[in-house]
1. Would you point out the residue of the stretch 308-364, among those that are aromatic (Phe, Trp, Tyr) and closer than 21 Å to Asn48 by Cα, that is farthest from the chain's Cα centre (by Cα)?
2. In the stretch 402-434, which residues are free of Cβ contacts under 8 Å to residues at least 60 places away in the same chain and small (Gly, Ala, Ser)?
3. Would you say Val553 is closer than 30 Å to Gly400 by Cβ, at pLDDT below 95 and crowded, with 17+ Cβ neighbours inside 10 Å?
4. Only one residue in Gly401, Gly397 is touching an Asp or Glu at 6+ places or on another chain (Cβ under 6 Å) and within 19 Å of Lys351 (Cα to Cα). Which one?
5. If I ask for residues that are outside any strand (DSSP E or B) and of a type in the set (A, V, I, L, M, F, W, C), which ones from the stretch 367-394 would you list?
6. Report every pair of residues separated by at least 6 positions or lying on different chains whose Cβ atoms are under 9 Å apart, first residue within the stretch 596-619 and on the phi > 0 side of the Ramachandran plot, second among the hydrophobic types (A, V, I, L, M, F, W, C) and not in a loop (DSSP other than H, G, I, E, B).
7. Do any helices (runs of 4 or more DSSP H) lying entirely in the stretch 258-366 carry at least 1 residues that are closer than 21 Å to Ile246 by Cα, and which ones are they?
Amino acid sequence: MPYRVHCMVCAGTGCVSNRSLEVRDALENEIRKRGLQDEIQIVTTGCNGFCAVGPLMVVQPDGIFYQQVSAKDVPLLVEEHFIKGRPVQKLLYKPPEAAAPIPKMSDIPFFKHQRLIALRNRGLIDPEKIEDYIARDGYQALVKALTEMTPEQIIEVITKSGLRGRGGAGFPTGVKWQKVRQAKGEPKYIICNGDEGDPGAFMDRSIFESDPHSVIEGMLIGARAIGARYGVVYIRNEYPLALERIQIAIQQAREYGLLGENILDSGLDFDISVTRGAGAFVCGEETALIASVEGRLGDPRARPPYPAEYGLWGKPTCINNVETWANVPPIILHGWEWYSQIGTERSKGTKVFSLVGKVRNTGLVEVPMGITLRQLIYDIGGGIPGDKKFKAVQTGGPSGGCIPAGMMDQPIEYIAPDGKREARDYLDLPIDYESLTDVGSMMGSGGLVVMDEDTCMVDVARYFLAFTQDESCGACTPCREGTKLMLDILNRIVDGHGTMDDLRALEEIAWVVKQTSLCGLGKTAPNPVLTTLKYFRDEYLAHIEAHKCPAHVCRALNTYRIDPVICVERGHGCGVCRRECPEKAIFGEKNQPHRIDQTLCKKCGVCVEVCHFNAVIVE
């Protein structure tokens, strides 16, 4: 007898960390207690994407979306929704500007502007049950590829679709597959790059957690196309849930005869193993990744030869990232014409982004290529919280660039599916490979960090450069020494000791590192520096010439004082700042205005943090 209600409980990493599994357990107990176990099924799903409001739950078939659900809410939810048939208002999502909550998931702006291909099964299946994936047309594309298509036809479809690698470089997937197929040497290998080292990025992790069989099916189709017999999933060891689910999926696929020998009586022999990465950012680079899989230190090597000719164990190897492999089955199933109609002229399909930073709706989104930054940040992301002004957005992770607010010096023309368009404001820039490169940034793997007016762009450049400098393997001099020199200069500038000679040297070194480094990490590490120098040079000059941080982020350049009126009228001279000051630099009596001795102040900012009356002024 079919269930009348399916209760889909998110069990991605974000929701699990917020105790969604306790919610699931409470639901199961309450439903048994009410005798509803034959009517209501609880399904544990992967990430639903809207991480800002987890734990999440969607009640099907009506698509009622519940947010921030806790175990104590369960009795009321079961009573009101499952027995009386009315949604629980306090658990529904309500946008800040809306008068009433929005019950249906499909009507929430965060979801309704997305188009799901790589994430097509998120929140709809139990990722640990292969039967759920098959019920959603899973492995139908594999059957089509094995029974109706030759390897050449598969490659032709992928090539004509316009699918480009989603790991960062955007190399045409079909071209890569063709090179590996034509390369001499046996056996041939396939690798799924799930390293994903960008701070704040979790696209690949989410696909592994919510739909691991989509990756396996994509790799199987790729194996058929290029003639590979062995595949490797390379996944960061920091992703325990994703690791567990891909291992479960691989074992299930073997049990169903979808991995191993003579798959579906087609003559295809292919199996997959899992290699855990130790967390080195440089192992996202394909030659360093191969070295890691082989058990060596994850250092990149010079190319050519490329992995397509000389890869894993010296044999032809096809490396694509998680999102790329997840796109393959729907392309084969629906055809290249269907896929190529999505996106822009040169950037087809959709892209998954992790939307984080100073934006209301943080989470994971999948949008058509060509969507503008404005649509992504405001229509989907809900805009900037606290009525702050948008200042910049960084795309492409630590290797990407910072794109500012405001009008462009030179408009960018691009061709969307419905005709030629022109972007004059940076917020109207289309998100595609070429447009982002034109303004000094990059697509990268899909990290997107939004910044508001309280962000110091010099400090942002320093932060990301500190990350790439720390992750540099040290194999080549430009990256090893150049990133260190740039970081030293940036540290001097934010500490108030920078000079104009430092600024000139910073820019010169950045270009040298970009042009002469061995691998992609070094070549792109200067991007945050170069784009902030281009678009926010005035902030660098303020740090150097005026010894001020316009955003009041760089504490060494700040001056702290206490407003005597606010201190007395609002705070009654409470003395909290005086007691908490580690340098004992604040003086004053109860009910009297307090003051800061500038000769003793070390500019730690504790006084700002502990004052509940906003009496401490930062200048």
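The values are calculated or read from the model by the stated rules, or taken from the named source; none is laboratory data. It should be emphasised that the depicted structure is a prediction, and the values quoted were computed from it without experimental measurement. Positions of Cβ are backbone-derived with ideal geometry, glycine not excepted, and every protein chain shown enters the neighbour counts.
1. As a first pass, look at the stretch 308-364 and keep what is aromatic (Phe, Trp, Tyr): 310, 313, 325, 336, 338-339, 353.
Subsequent filtering for residues that are closer than 21 Å to Asn48 by Cα retains 325, 353.
On the way: Trp325: 17, Phe353: 5 Å.
This residue is Trp325.
2. Step one: list which residues in the stretch 402-434 are free of Cβ contacts under 8 Å to residues at least 60 places away in the same chain, which gives 405-413, 418-429.
Those that are free of Cβ contacts under 8 Å to residues at least 60 places away in the same chain and small (Gly, Ala, Ser): Ala405, Gly406, Gly419, Ala423.
3. On the way: closer than 30 Å to Gly400 by Cβ: yes; at pLDDT below 95: yes; crowded, with 17+ Cβ neighbours inside 10 Å: yes.
For Val553, the condition - closer than 30 Å to Gly400 by Cβ, at pLDDT below 95 and crowded, with 17+ Cβ neighbours inside 10 Å - is met.
4. On the way: Gly401 fails: touching an Asp or Glu at 6+ places or on another chain (Cβ under 6 Å).
Only one candidate passes the filter, namely Gly397.
5. Met369, Ile371, Leu373, Leu376, Ile377, Ile380, Ile384
6. Lys603/Ala556; Lys603/Leu557; Gly605/Val616; Gly605/Val618; Asn614/Ile566; Asn614/Val608
7. Values: elements: 286-293, 322-334, 336-340.
The qualifying helices (runs of 4 or more DSSP H) are 286-293, 322-334.
Conditions (1) without any contact (Cβ under 8 Å) to a residue 40 or more places away in the chain; (2) in contact with a Gly (Cβ under 9 Å, 6 or more places away or on another chain); (3) not assigned by TED's automatic domain parsing to the domain that holds Leu436, marked per residue:
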| site | (1), (2), (3) |
| --- | --- |
| Leu76 | yes, no, yes |
| Glu80 | yes, no, yes |
| Ala100 | yes, no, yes |
| Asn121 | no, yes, yes |
| Ile125 | no, yes, yes |
| Gln140 | no, no, yes |
| Ala145 | no, no, yes |
| Leu163 | no, yes, yes |
